[in-house]
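The structure under discussion appears below in the form of structure tokens.
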Amino acid sequence: MNTTRQKERTVKITAVNLIRWGGLSAMVTGIIFAGIQPIHPPDVLASVTTSAWAIITTLKTVMCLFGLFGIAGLYARQVEETGWLGLVGYLLLTIFYAVQMCFAFTEPLILPLLATESPKFVAGFLGILSSTPSEVNLGAIPTINGFLAVLYLVGTLLFGIAIFRARILSRGAAGLLAVSGPLAIVLTIIGHPINRIAAVPMGIALIWLGYSLWSEQRVPASEPAYGKGSPQLRQAGAE
């Protein structure tokens, strides 16, 4: 009997720790997302073979990996409270990071190899962000990139609203996350590279939400860690 209780307690503690580490992952995602914007090399053919391009675009892949875990941690912490709105927002952002990771993986590992052999293709690929017409057929890539914009807009809006309504994590951070997607669309109209500023609000929101989750007060191991019977956790960071 005691052995069974010890095992159950270990599982609960592990689940709590995993969710809290999800908060740290969200912070890392936000730091990378907001931090690389001012130092990102220009999206032109000459940048692709530079060391700065290799470093920054590799960080994008790392950001997507942490983003998947971070969003999962934020959602798992308030899965019941956010309801269907939170589920839809979570799924949209998960798909966004998964697909975005494919683009991010391509930039440091494939584009430099094609820069000499197929410079027009690389230039066309880079031109997607600046809405520059491509001289070659890019297939479904521009369509997928447009699909990512929709995922980003709707995902941040719904997930932010769901977190705001749940009143568990910081509501200020949730509100910032909700408006970051629509703000990004507005700044995109201004043009590239000014629209890179649009990443900063979401980056700050993820750092804020991640910290809100990571810094939540621990409860004794004998109490439910993230259940309905933990009012002190339900309200932690909600202000």
Please verify whether segment 105-115 includes one or more residues that are out of contact with any Asp or Glu (no Cβ under 7 Å at 6 or more places or on another chain), more than 24 Å from Ser170 (Cα to Cα), among the acidic types (Asp, Glu) and not in a helix (DSSP H, G or I). no
Would you mind telling me which numbered condition in (1) assigned to a helix (DSSP H, G or I); (2) more than 17 Å from the chain's Cα centre (by Cα) Ala149 fails? (2)
Any chance Ile56 is hydrophobic (A, V, I, L, M, F, W, C), farther than 14 Å from Phe103 by Cβ and assigned to a helix (DSSP H, G or I): no
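Yes/no matrix, rows are residues, columns are (1) closer than 22 Å to Pro41 by Cβ; (2) aliphatic (A, V, I, L, M):
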{"position": "Val88", "(1), (2)": "no, yes"}
{"position": "Ile95", "(1), (2)": "no, yes"}
{"position": "Phe105", "(1), (2)": "yes, no"}
{"position": "Leu148", "(1), (2)": "yes, yes"}
{"position": "Val154", "(1), (2)": "no, yes"}
{"position": "Gly160", "(1), (2)": "no, no"}
{"position": "Leu177", "(1), (2)": "no, yes"}
{"position": "Ser180", "(1), (2)": "no, no"}
So Ile39, is it out of contact with any helix residue (DSSP H, G or I) (no Cβ under 6 Å at 6 or more places or on another chain) and either modelled with pLDDT of 95 or more or of a type outside the set (Phe, Trp, Tyr) (or both): yes
Between residues in segment 126-151 that are within 24 Å of Ile197 (Cβ to Cβ) and of a type in the set (Phe, Trp, Tyr) and residues that are modelled with pLDDT of 90 or more and surrounded by 15 or more Cβ atoms within 10 Å (Cβ to Cβ), which pairs lie under 8 Å by C-beta distance while being six or more apart or on different chains? Phe147/Val99
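Matching residues to (1) of a type outside the set (S, T, N, Q); (2) in contact with a helix residue (DSSP H, G or I) (Cβ under 6 Å, 6 or more places away or on another chain); (3) under 19 Å from Cys102 (Cα atoms):
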residue	(1), (2), (3)
Leu126	yes, no, yes
Ser131	no, no, no
Glu135	yes, yes, no
Leu138	yes, yes, yes
Tyr152	yes, yes, yes
Ile161	yes, yes, no
Arg165	yes, no, no
Ile168	yes, yes, no
Which number in (1) part of a helix (DSSP H, G or I); (2) more than 23 Å from Gly160 (Cβ to Cβ) marks the one condition that Leu24 misses? (2)
Residue that is part of a helix (DSSP H, G or I) and either among the β-branched types (Val, Ile, Thr) or at pLDDT below 75 (or both), where the choices are Val219, Val154, Val136: Val154
Pairs where the first residue, in segment 48-73, is over 14 Å from Ile31 (Cα atoms) and the second is among the polar types (S, T, N, Q) and surrounded by 15 or more Cβ atoms within 10 Å (Cβ to Cβ), C-beta under 7 Å, 6+ apart: Trp53/Ser47; Leu68/Thr94; Phe69/Ser25; Ile71/Thr94; Gly73/Ser25
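The values are calculated or read from the model by the stated rules, or taken from the named source; none is laboratory data. Computed from a prediction, not measured in an experiment: that's the story for all the values here. So basically every Cβ, Gly included, is an ideal-geometry build from the backbone, and we count neighbours across all protein chains shown.
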